[in-house]
Amino acid sequence: MKLKNFDLGKLFNNNRFLLVFSLVAAVLVWLFVSVEKSTDITRTLTNVPVQVDYVRLKENFGLVPYGNNTYTVDITVSGKRYNIDNEQDLLEELDVYANTGKVNSVGTYTLPITVESKNDRAAYTIDSWSLQSVEAYFDYPKEKEFAVTADIQTNDALVKDGYVAGELVFGESTTVRVSGPESEVSKISSVVARASVDEPLTQNTTLDAALVAVTQDGSVPNYISFNRASTVAHITVPVYKVVTLPASVSFSGIPSAYLKQLPFSVKVEPASAEFGVSENRLDGMETFEIANIPFSSLTAGTNEIEISASDLTGGIVVNGPETFKVTLVADGLKAVTITAPNSLHFLNVPDGLSAKTEALRFDQITLVGPAEKVDALTTDTIVLDADLSTVPEGTTGAVAVPVTVTGEDYWSYGEYIASVMLQ
């Protein structure tokens, strides 16, 4: 079959074809003019991160930045809308960096900022950016440990008249590790926990104190950090009311016969002193107890015990003696030493466990009491009490426990230990 010859002229004489062709041509011309011949637009990219090659400086010179070390710029670009309309694509093409080529030692440097396209044939123009350079400080990192001391500043006095402050109590460790640039850390002479008190105190008070590194001339170094989550330290100021009270002692491990009347005389020197006592404890307080003395530390005859004022609990000594002397004279009492029995009587055995004597770490035991009483005692007539109340919860196996003897009117003198099997 023979095809008819195609006649382009006749096609253009067809009004319907000519209408369609004209419309398509018009659209193509419009698109060409809109896209290729349209006016360039401008857009601004905000908060674009500036890259700084800190790794190179650390590896080559051991230098690290201090202070602000992250930077951003706003960048203005221009071009055809279809070339700069996608912000993410545009950001991936841009190379934004601060030049560290001149950094080679400690100091503050001006780092020029460069913004350029990674595409050599970019279809847009980088017009400007908001920062031409940044200032950066570089130094060698250094750490040093310091003891923290309190620096409490007052308008008048720390405590009210008639009161006294005790030794300050820190809620956190009293040592701190300081980090920062070597040139700044080397200037530090001390680290203080600084707080202020507006009105004199009359009761225990916990202060929020700021950790501050201080140089020899009293200034504060730059770029310093501490090895703590918070730079706030908590300092408790114990506050005591000053009172004059007689000094007294109490006793533990007392045989039942002496609960009402002790078998010795008691003398405390000095007999009284100025004490600092929490005000809420003063109601009904007639004496200040300087020590609790176990009977196991007392023997026949004269006993002299020194109590350090620094060991007192429940208060402090104010402008008083550093030690108290306690003299106990036990007339009519006698000390005898006899062979210890092998078995133990167990006290306070933990629930669910059994106790068994493993070994005594002593062969003899000294007993104190009226002469006629202790002279009649024998190995078979005394009972060794092993108190397991001090054993930590959950402990099993061999444990060391204290052993005592307490009769109606006699007691054991000295310290005795036994090994006990708990299972």
Next item on the list: Could you list all residues from the range 326-340 that are in a loop (DSSP other than H, G, I, E, B) and at pLDDT 95 or above?
Entry: A340
Checklist line | Condition check for V169: touching a residue at least 24 places away in the same chain (Cβ under 8 Å), under 30 Å from K142 (Cα atoms), among the β-branched types (V, I, T) and surrounded by 16 or more Cβ atoms within 10 Å (Cβ to Cβ) | finding: no
Notebook entry, point to check: Tell me, which strands (runs of 3 or more DSSP E) lie completely within the range 107-220 with 1 or more residues that are aromatic (F, W, Y)?
Noted result: 107-117, 124-129, 133-139, 141-154, 163-165
Margin query: Condition check: in contact (Cβ under 8 Å) with a residue 40 or more places away in the chain, touching a Phe, Trp or Tyr at 6+ places or on another chain (Cβ under 7 Å), surrounded by 11 or more Cβ atoms within 10 Å (Cβ to Cβ) and assigned to a strand (DSSP E or B). Does T366 satisfy that?
Written below: yes
Margin query: With under 30 Å from F275 (Cα atoms) and at pLDDT below 95 as the only criterion, which of T396, T313 stands out?
Written below: T313
Notebook entry, point to check: Would you say L245 is farther than 30 Å from G107 by Cα, touching a residue at least 24 places away in the same chain (Cβ under 8 Å) and buried (at least 18 other Cβ atoms within 10 Å of the Cβ)?
Noted result: no
Next item on the list: Check the range 256-271 and report whether any residue there is surrounded by fewer than 19 Cβ atoms within 10 Å (Cβ to Cβ), on the phi > 0 side of the Ramachandran plot and either more than 33 Å from the chain's Cα centre (by Cα) or assigned by TED's automatic domain parsing to the domain that holds L211 (or both).
Entry: no
Check: Looking at (1) in the same structural domain as L245 (by TED's automatic domain parsing); (2) in a strand (DSSP E or B); (3) at pLDDT below 95; (4) not β-branched (V, I, T), which is the one condition that is false for E358?
Finding: (1)
Margin query: Any residue that is in contact with an Asp or Glu (Cβ under 7 Å, 6 or more places away or on another chain), of a type in the set (A, V, I, L, M, F, W, C), closer than 30 Å to D387 by Cβ and touching a residue at least 24 places away in the same chain (Cβ under 8 Å) - is there at least one of those in the range 252-269?
Written below: yes
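Rundown of residues vs (1) surrounded by 15 or more Cβ atoms within 10 Å (Cβ to Cβ); (2) hydrophobic (A, V, I, L, M, F, W, C); (3) assigned by TED's automatic domain parsing to the domain that holds P370; (4) closer than 22 Å to E415 by Cβ, yes/no style:
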{"site": "V249", "(1), (2), (3), (4)": "yes, yes, no, yes"}
{"site": "A273", "(1), (2), (3), (4)": "yes, yes, no, no"}
{"site": "V277", "(1), (2), (3), (4)": "yes, yes, no, no"}
{"site": "D283", "(1), (2), (3), (4)": "no, no, no, no"}
{"site": "L312", "(1), (2), (3), (4)": "yes, yes, no, no"}
{"site": "G320", "(1), (2), (3), (4)": "yes, no, no, no"}
{"site": "V326", "(1), (2), (3), (4)": "yes, yes, no, yes"}
Check: Given the structure, is T100 touching a strand residue (DSSP E or B) at 6+ places or on another chain (Cβ under 7 Å), buried (at least 18 other Cβ atoms within 10 Å of the Cβ) and of a type outside the set (D, E, K, R)?
Finding: yes
Note to self: If I filter the range 341-349 for residues that are closer than 27 Å to I293 by Cα and touching a helix residue (DSSP H, G or I) at 6+ places or on another chain (Cβ under 7 Å), do I get at least one hit?
What the structure shows: yes
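How many residues does the range 285-310 hold that are under 21 Å from E415 (Cα atoms) and acidic (D, E)? Write out each step before concluding.
If we filter the range 285-310 for residues that are under 21 Å from E415 (Cα atoms), which is where we start, we get 291-307.
With acidic (D, E) added as a condition, the list becomes 304, 306.
Qualifying residue count for the region: 2.
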Check: What number of residues within the range 273-325 satisfy the criterion of being in a helix (DSSP H, G or I), small (G, A, S) and in contact with a Phe, Trp or Tyr (Cβ under 9 Å, 6 or more places away or on another chain)?
Finding: 3
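Examine the range 48-56 for a residue that is under 32 Å from the mean Cα position of the chain (by Cα) and either loosely packed, with under 15 Cβ neighbours inside 10 Å or not assigned by TED's automatic domain parsing to the domain that holds Q132 (or both), and state whether such a residue exists.
Going residue by residue through the range 48-56, those that are under 32 Å from the mean Cα position of the chain (by Cα) are 54-55.
Then keep just the ones that are either loosely packed, with under 15 Cβ neighbours inside 10 Å or not assigned by TED's automatic domain parsing to the domain that holds Q132 (or both); that gives 55.
For the range 48-56, residues under 32 Å from the mean Cα position of the chain (by Cα) and either loosely packed, with under 15 Cβ neighbours inside 10 Å or not assigned by TED's automatic domain parsing to the domain that holds Q132 (or both): present.
The values are calculated or read from the model by the stated rules, or taken from the named source; none is laboratory data. Everything quoted here is computed from the prediction, not taken from an experiment. So basically every Cβ, Gly included, is an ideal-geometry build from the backbone, and we count neighbours across all protein chains shown.
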